[in-house]
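Some notes on the structure that comes next.
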Amino acid sequence: MPSYAPSAPASLALPLRRSSYFPIVFSVLFLLTFAGSYKLAQVQPLLLFEAEGRRNIWKFVAGMFPPDLSWSFLSLLGRPILETIQISIMGTVVAVAIGFPLGLLATSSLTFKGILNEREMASSRPRALFYKASYLLARAALSLFRTIPEFIWAFMFVRAVGLGPFPGVLAIGIAYAGMLGKVYSEMLEHVNPGPLEALQATGASKLAIIVYGLMPQALPNVVSYTLYRWECAVRASAILGFVGAGGIGQQFEISMRMFDFSQVITLVAILFVMVAGVDALSARVRRAILGRQRV
Amino acid sequence: MYQLNQVSKVFEGRTIAVDDLDLKVRRGEKLALIGPSGAGKTTLFRMLNLTIPPTSGTLLFDGLNVSSLHGRRLREVRRRIGTVYQQHNLVPRLQVVHNVLSGRLGAWSIWQAVRSLIQPREVTLAYEALSQVGIPEKLYDRTETLSGGQQQRVAIARALVQNPEVILADEPVSSVDPALAAGIVKLLIELSETYRKTLIMNLHSVDLALAHFPRIIGLRDGKISFDLPAAEVTDEHLAALYVGSQTEIGEEVPSLAELRPVRSCQPRLTT
């Protein structure tokens with residue numbers, strides 16, 4: 001009768017379990033980082049519940065009600081609301097205008113890599129270097145644009161061109177050009193290269209390949225991402241007013257400074273409606289495009 | 001039409017895809033390339049249609065040394081060579097008419113090309129090409145709604161609209177239903193006879209090649225294994241060509257007697 005009790009030879013046959021210290025080391029490192037950050041960031045949850053904090057919070061919340069819905073206040077808001085939407089639209093347009101061409105240059109499969117460039121890159125060395133350099137420059141410009149937050153850009157443009165909505169447009173235009181260009185280039189690099197190769201073989205120029213092969217394939221993603229960025233631009237343009245770049249943010253800043261919290265809550269509600277509206281609109285457009293794609 | 005002298009293609013300095021190849025193709029000739037997977041057929045085609053340059057050797061197209069060409073001059077020579085691919089390589093979201101007319105991109109300016117996307121130009125040309133391949137009614141359909149065989153016909157129409165001197169067909173029937181494969185091969189041969197084009201076709205299917213082409217070239221390990229009139233290709237030639245390589249259906253060596261149309265294509269069907 002066979003015995004199923006584990007015997008010495010059987011356990012020897014088991015593959016050796018490789019143990020490693022890495023998980024332990026990394027767990028300890030993570031815990032230390034966490035503890036350090038907790039201390040350095042001066043996290044003190046109790047501060048919220050101390051007498052001073054409680055009083056301030058109460059003043060803030062109680063001041064919000066009832067919301068200021070007086071005509072004299074609301075009539076002030078029409079223009080800034082419109083301005084905010086316009087800043088976001090113009091900012092996104094500027095961002096696309098700057099980001100799209102840079103995004104094309106930053107698409108490696110278009111400028112120097114892969115099947116579309118084999119011959120041109122082999123034909124002369126200076127030209128190859130030129131293409132590669134333009135790619136690197138475009139990438140550098142894009143990452144500079146997006147590493148500086150739109151808030152800082154707005155701050156600088158207010159100094160450059162004065163108060164008003166225009167610096168807001170420029171700030172969103174530049175900062176978002178960096179994000180759009182980067183994401184566009186990633187989308188363009190991931191389209192199916194087969195049709196592009198076929199178009200090239202018919203003698204089509206690079207531009208024609210972009211128009212006939214690249215864009216039709218990437219368009220749904222490009223449009224969808226641009227709409228998403230527009231939503232973000234609405235949110236951003238709502239606060240750019242804090243540094244004097246027009247829109248509803250300016251009113252925010254004034255009401256905050258006057259400790260007029262009943263106006264602040266009205267503004268928050270308006271902002272919520274605006275962002276939700278833009279959200280719904282772009283979701284609808286996106287669904288229309290992506291739905292058509294699956295036909 | 002083509003003259004290749006000691007042409008080699010080496011990828012990343014290691015993988016030798018095409019090895020010291022000499023080849024002459026006369027204008028108007030029809031020839032089929034056969035050989036096991038990985039023999040360098042597709043690489044050879046990419047060199048023939050000027051997509052990739054040879055690593056060494058000279059490639060003359062119509063007496064013209066193409067190695068130093070770039071920019072506009074290169075595109076002008078590419079216009080004279082039409083290519084039909086295994087995977088159709090059409091843009092799925094565009095209407096058929098635009099995919100067919102993209103054969104004209106080499107001749108159009110960029111503005112004409114952009115305008116044509118809005119209001120198609122030379123529609124009659126596209127319609128005639130589609131009639132030639134037997135699907136004129138698909139003119140305004142979205143390309144991705146077509147079946148694999150229909151898409152391959154659109155790709156052939158694109159090559160017709162391009163009106164090249166040479167048609168290169170790189171395994172044009174490997175991704176269509178086997179029953180349609182012979183039809184498409186015949187179509188390409190008829191069209192190139194009618195319009196006096198040189199036709200070079202890459203085929204997985206030995207029997208299709210032997211049945212339709214006067215000249216057969218066997219390619220193995222980037223070298224020419226034989227270059228003979230179809231009538232002179234024997235079982236020994238084929239055995240030497242395919243020795244040690246698995247064919248698509250798992251047979252060691254296909255013989256003339258065993259080959260049947262249904263077995264001669266890749267089993268994968270595209271919908």
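Just so it is clear, none of the values below were taken in a lab; they were calculated from the coordinates. Here the structure is a predicted model, which means the values were calculated and not measured. Neighbour counts are summed over all protein chains in view; Cβ atoms, including those assigned to glycine, are modelled from backbone coordinates with ideal geometry.
Listing for the model above:
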| read-out | value |
| --- | --- |
| Share antiparallel - DSSP beta bridges, chain B, percent rounded to 5 | 55 |
| Note, ³J(HN,Hα) from phi for region A:267-280, Karplus 6.51, -1.76, 1.60, rounded to Hz, x at Gly and Pro | 5, 4, 4, 4, 4, 4, 4, 4, 5, 5, x, 5, 3, 5 |
| Given charges at beta-carbon only (K, R positive; D, E negative), |dipole| of region A:63-293 in Debye | 620 |
| Relative contact order of region B:11-86, defined on C-alpha pairs under 8 angstrom at six or more residues apart (%) | 22 |
| Computed FRET value (nearest 0.05) for B:Ala231 with A:Glu118, which takes r as the C-beta separation and R₀ as 25 Å | 0.05 |
| Within a Gaussian network of chain A (alpha carbon springs, distance under 10 Å), most fluctuating of A:Phe65, A:Phe100, A:Phe112 | A:Phe65 |
| For A:Leu16, A:Leu207, B:Leu125, order by how many other beta-carbon atoms lie within 10 Å, fewest first | A:Leu16, A:Leu207, B:Leu125 |
| DSSP beta bridges in the protein assembly as shown [antiparallel fraction, %, rounded to 5] | 55 |
| Using θ = phi - 60° and Karplus 6.51 cos²θ - 1.76 cosθ + 1.60, couplings along region A:112-122 (whole Hz; Gly, Pro as x) | 8, 9, x, 4, 6, 10, 3, 6, 5, 5, 7 |
| Helix axis angle, B:178-194 relative to chain B longest principal axis, alpha carbon, degrees | 70 |
| Taking region A:127-202 and dividing mean pair separation by its residue count, relative contact order in percent (alpha carbons under 8 Å, at least six apart) | 33 |
| Relative contact order (%) - criterion: Cα under 8 Å, at least six apart; region: chain B | 25 |
| Cβ charges +1 (Lys, Arg) and -1 (Asp, Glu), total dipole of region B:69-226, debye | 720 |
| Potential lengthening between A:Ser134 and A:Gln44 on full extension [0.36 nm per residue; Cα-Cα distance subtracted] | 27.5 nm |
| Region B:137-148 - phi-based ³J(HN,Hα) in whole Hz, Karplus 6.51/-1.76/1.60, Gly and Pro as x | 6, 8, 3, 9, 6, 6, 4, 5, 7, 7, 6, x |
| Residues B:Val84, A:Val161, sorted so that the one with the fewest Cβ neighbours within 10 Å comes first | A:Val161, B:Val84 |
| Entries of B:Lys24/B:Lys223; B:Lys30/B:Lys197; B:Lys41/B:Lys223; B:Lys138/B:Lys197; B:Lys186/B:Lys223 with Cα pairs more than 19 Å apart | B:Lys138/B:Lys197; B:Lys186/B:Lys223 |
| Loop-exposed chymotrypsin sites (Phe, Trp or Tyr not before Pro) per DSSP, neighbour cap 15 Cβ within 10 angstrom, longest uninterrupted part of chain B | B:1-139 |
| Residues of region A:180-220 with amide N under 12 Å of the 7 Å Cα→Cβ point at B:Ile110 | A:205-212 |
| Long-range HN-HN contacts of A:Gly246 with modeled amide H, under 5 Å | A:Gly164 |
| 5 angstrom amide H check on B:His204, placed H, neighbours 5+ away | none |
| Lys/Arg +1, Asp/Glu -1 at C-beta; region A:63-293 dipole; positive extreme among A:Thr147, A:Ala133, A:Val169 | A:Ala133 |
| Cβ-based exposure ranking for B:Ile16, B:Ile216, in which fewest neighbours within 10 Å come first | B:Ile16, B:Ile216 |
| Within chain B, longest stretch clear of exposed GluC sites (Glu not before Pro) (DSSP loop, no more than 13 other Cβ within 10 Å) | B:13-250 |
| Range in chain B, longest, excluding exposed trypsin sites (Lys or Arg not before Pro) [loop by DSSP; at most 11 other beta-carbon atoms within 10 Å] | B:27-195 |
| Among A:Tyr131, A:Tyr184, A:Tyr21, residue whose mean-square fluctuation peaks in a GNM of chain A (springs only between Cα atoms under 10 Å) | A:Tyr21 |
| Positive-pole candidate from B:Leu199, B:Ala239, B:Val123, dipole of region B:101-252, charges at beta carbon | B:Val123 |
| Helical mean residue ellipticity (222 nm; -39500 (n - 2.57) per DSSP H run of 4+; nearest 500) of the protein assembly as shown | -18000 deg cm²/dmol |
| Label-to-label distance, nm, for residues given as B:Thr194 and A:Ile148 (7 Å Cα→Cβ offset) | 6.3 |
| Positive-end residue, the protein assembly as shown charge dipole about Cα centroid, Cβ charges, pick of B:Phe213, B:Leu168, B:Gly183 | B:Leu168 |
